[in-house]
């Protein structure tokens, strides 16, 4: 055991600095590419094999809905002597289950395919928030280095959300959706190998595992702690609201009298904006309290949604989608800073996964709600989103005022 710890510390010294950060970026990008493209691959697989839309939606839900279970296994990260092993195991399990699901489809009952996809989905939060929980051990102790590294982390999410579906589309058109899904499985497996080569981070519990909070204790802590509570509800409401943009883009093409394919240009501009914003955070890390930054940047997100809503032409719509992506990236970086700086050391992994799981769930709910609301008017989901974020900002301001100590 002593030899293992010594070798882990040696690996940590060898992996610090840019070497460790580079490994982190590649590992996170691979894992999030797999997670971001899996749903598209499964839906394409089902539809191209003659399956109905209901079956495609059901199997797609099998890989997204279990993300909510992630926080209940997150405690393993905080309990483990080496949290990297838990995350690497999740990447391997995700890879095997996804590959098995693809191979089983059409050869076995759909229930088995759904079960295998559910296993992959349960590992999903460990590929997103779980990997992010390793970043503080790599980025350095000073705030400037931490926040610059968080810019890289935001970029990996942008890469995953953009490259994942793009890889699926390209491989599906060249070969088949099944092969595309297998490529994603290989990416997740490669992420596992790199995760084990990240710097070692000693557990915060110091051998006293009873001091590590459980899943419900962690969510209770987040509900009671002002900054963490605000991090959670602002992340959820912004994710819910921004999820309307791809749906809105499709309906805007009809309003502007342009080809439906132009919606792809808008959504691509949003993805490029996310990457642009992450580069901005790298070059000029955020300064100040994450709590205040989230509120200010959430108002910028409202401005981005409003600009999209009033866009009169395609070129302006593309530009506003790009701006919306930029401000969303800055907001996301602020939430990562909040999770890093406000989460208790002994429950950091669980806080990261709770927020990640709720964000993914909110995004899915936002997409579904936008699909319904745009049936009435394409502006409704944007107006609702702006209203929700505005209420969250107002509530955060009121909470901070109430938390300030009164001067006698």
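Just a few scattered comments:
- Conditions (1) under 30 Å from residue 398 (Cα atoms); (2) crowded, with 17+ Cβ neighbours inside 10 Å: number failed by residue 303: (2)
A quick yes/no check of all residues on (1) modelled with pLDDT of 85 or more; (2) closer than 13 Å to residue 41 by Cα; (3) more than 21 Å from the chain's Cα centre (by Cα); (4) buried (at least 24 other Cβ atoms within 10 Å of the Cβ):
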| site | (1), (2), (3), (4) |
| --- | --- |
| 117 | yes, yes, no, yes |
| 129 | no, no, no, yes |
| 141 | no, no, yes, no |
| 164 | no, yes, no, yes |
| 171 | yes, yes, yes, no |
| 178 | yes, yes, yes, no |
| 207 | no, no, yes, no |
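- Residue 67 being surrounded by fewer than 21 Cβ atoms within 10 Å (Cβ to Cβ), modelled with pLDDT under 80 and in a helix (DSSP H, G or I): no
- The listed residue being in a helix (DSSP H, G or I), free of Cβ contacts under 8 Å to residues at least 24 places away in the same chain, assigned by TED's automatic domain parsing to the domain that holds residue 391 and closer than 26 Å to residue 228 by Cα, out of 288, 280, 296, 303: 296
- Of all residues making up segment 272-291, the number that are more than 15 Å from residue 151 (Cα to Cα) and touching a helix residue (DSSP H, G or I) at 6+ places or on another chain (Cβ under 8 Å): 1
- Check on residue 349, modelled with pLDDT under 80 and either assigned to a helix (DSSP H, G or I) or buried (at least 19 other Cβ atoms within 10 Å of the Cβ) (or both): yes
- Whether a residue is at pLDDT 90 or above, part of a helix (DSSP H, G or I) and crowded, with 21+ Cβ neighbours inside 10 Å was assessed, and residue 249 does not pass this test.
- Those residues of segment 167-186 which are assigned to a helix (DSSP H, G or I) and either in contact with a strand residue (DSSP E or B) (Cβ under 7 Å, 6 or more places away or on another chain) or without any contact (Cβ under 8 Å) to a residue 12 or more places away in the chain (or both), in sequence order: 170, 173, 174, 179
- Residue 340 assigned to a helix (DSSP H, G or I), crowded, with 22+ Cβ neighbours inside 10 Å and within 21 Å of the chain's Cα centre (by Cα): yes
- If you go through segment 50-76 and pick out every residue that is more than 19 Å from residue 123 (Cα to Cα) and touching a residue at least 60 places away in the same chain (Cβ under 8 Å), you end up with 0.
- Of all positions in segment 225-237, at least one carries a residue that is crowded, with 18+ Cβ neighbours inside 10 Å, over 19 Å from the mean Cα position of the chain (by Cα) and at pLDDT 90 or above.
- Yes/no for residue 322 being surrounded by 19 or more Cβ atoms within 10 Å (Cβ to Cβ) and farther than 30 Å from residue 220 by Cβ: yes
- Being over 27 Å from residue 351 (Cβ atoms) and either out of contact with any helix residue (DSSP H, G or I) (no Cβ under 6 Å at 6 or more places or on another chain) or touching a residue at least 40 places away in the same chain (Cβ under 8 Å) (or both) is not true of residue 157.
The values are calculated or read from the model by the stated rules, or taken from the named source; none is laboratory data. No experiment lies behind these values; they were computed from the predicted model shown. Neighbour counts are summed over all protein chains in view; Cβ atoms, including those assigned to glycine, are modelled from backbone coordinates with ideal geometry.
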